[in-house]
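Report on one structure; see the data block that follows.
The values are calculated or read from the model by the stated rules, or taken from the named source; none is laboratory data. A quick note: this is a predicted structure, and the numbers were derived from the prediction, not measured. Here the Cβ positions follow ideal geometry from the backbone for every residue, glycine too, while neighbour counts run over all protein chains shown.
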């Protein structure tokens, strides 16, 4: 039997049905009628000589063993072609008029400022739109197209549609004001549970409800790192802060690095991210390279 060569549209339909969970959902995602999606999948199955979905006895089409076996290759090819199309479109259209960037609030501000100053010098005609968010909100903005590029903290499992490049990490250290009970020397295990912990809240549905390094029984949720910093300086609670943000306060005695046997400093990793099917243009790619250095 001669096996045909699938086109990009057929591969895109196949991946969309798997990701969306059905023909109708894939049609809504791609802006097509359900019948058109079903017809396209049938043509792909005939072309390959394989049954990709089991449609019997269930409202949700199930991948067959053969469908599962070819899914990874189909997804890779579809992503590669989508990336190629997007990159060519960028080259044909020339330099972007605007680059949108979402940055995790933990990213050192001096590093961001120096990068954006260099970006301004290199691309004086390109406008920049900057979003500063916490936790999963960065990847959510990139996934929904609000931001073209992101500097994200720990990524969720749902971020599979993203291309990522490791970009180092920052140390988070537990701190409190000098008057706080936890700042009065080494503490016994479990002492943190008795005191309010200040924690950044997550406004993203990707990781909502997921806690990062929360140890206290009582916590105050804040949407802004600056507000958390101000409350710590006022002696309200204790919390983890990026070391570069509070180094000057620790040296000046405005904050104390806490000695907690069950809550040590930890690394907070970063990734430069963008949608695989929408890679950045020339100015955006410059930002990706510079941010990753």
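Checking each residue in region 220-235 for being within 18 Å of residue 195 (Cα to Cα), touching a residue at least 24 places away in the same chain (Cβ under 8 Å) and in a helix (DSSP H, G or I) picks out 228, 231, 232, 233.
Restricting 198, 172 to those that are more than 26 Å from residue 289 (Cα to Cα) and modelled with pLDDT of 90 or more reduces the list to 198.
Residue-by-condition table, conditions (1) loosely packed, with under 12 Cβ neighbours inside 10 Å; (2) assigned to a helix (DSSP H, G or I); (3) without any contact (Cβ under 8 Å) to a residue 12 or more places away in the chain; (4) out of contact with any helix residue (DSSP H, G or I) (no Cβ under 8 Å at 6 or more places or on another chain):
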residue	(1), (2), (3), (4)
39	no, yes, yes, yes
44	no, yes, no, no
82	no, yes, no, no
101	no, no, no, no
119	no, yes, no, no
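Can you spot a residue in region 219-226 that is within 13 Å of residue 174 (Cβ to Cβ), in contact with a helix residue (DSSP H, G or I) (Cβ under 7 Å, 6 or more places away or on another chain) and surrounded by 14 or more Cβ atoms within 10 Å (Cβ to Cβ)? Checked against the condition, which is being within 13 Å of residue 174 (Cβ to Cβ), in contact with a helix residue (DSSP H, G or I) (Cβ under 7 Å, 6 or more places away or on another chain) and surrounded by 14 or more Cβ atoms within 10 Å (Cβ to Cβ), region 219-226 yields no hits at all. Residues in region 157-189 that are more than 21 Å from residue 247 (Cβ to Cβ) and either within 8 Å of the chain's Cα centre (by Cα) or part of a strand (DSSP E or B) (or both): 159, 162, 163, 164, 165, 166. Every test in (1) more than 23 Å from the chain's Cα centre (by Cα); (2) in contact (Cβ under 8 Å) with a residue 24 or more places away in the chain; (3) closer than 22 Å to residue 143 by Cα is passed by residue 28 save one, and that test is (2). Inspect all residues belonging to region 187-195 and state whether any of them is modelled with pLDDT of 90 or more and in contact with a strand residue (DSSP E or B) (Cβ under 8 Å, 6 or more places away or on another chain). No - not one qualifying residue is present in region 187-195.
If the condition is being crowded, with 16+ Cβ neighbours inside 10 Å, touching a strand residue (DSSP E or B) at 6+ places or on another chain (Cβ under 9 Å) and not in a loop (DSSP other than H, G, I, E, B), then region 46-70 contributes 53, 63, 67.
When 91, 112 are screened for being part of a helix (DSSP H, G or I), modelled with pLDDT of 90 or more and out of contact with any helix residue (DSSP H, G or I) (no Cβ under 6 Å at 6 or more places or on another chain), only 112 passes. Of the residues 277, 259, 271, 249, only one is touching a residue at least 12 places away in the same chain (Cβ under 8 Å) and part of a strand (DSSP E or B); which? None of the others qualify; the one that does is 271. Residue 154 falls short on exactly one of the conditions (1) in a loop (DSSP other than H, G, I, E, B); (2) at pLDDT 90 or above, and that condition is (2). Restricting attention to region 134-148, the residues that are surrounded by fewer than 24 Cβ atoms within 10 Å (Cβ to Cβ) and either touching a helix residue (DSSP H, G or I) at 6+ places or on another chain (Cβ under 9 Å) or not in a helix (DSSP H, G or I) (or both) total 4. Among the residues of region 31-55, those that are farther than 17 Å from residue 71 by Cβ and more than 33 Å from the chain's Cα centre (by Cα) comprise 35, 39, 42, 43, 46.
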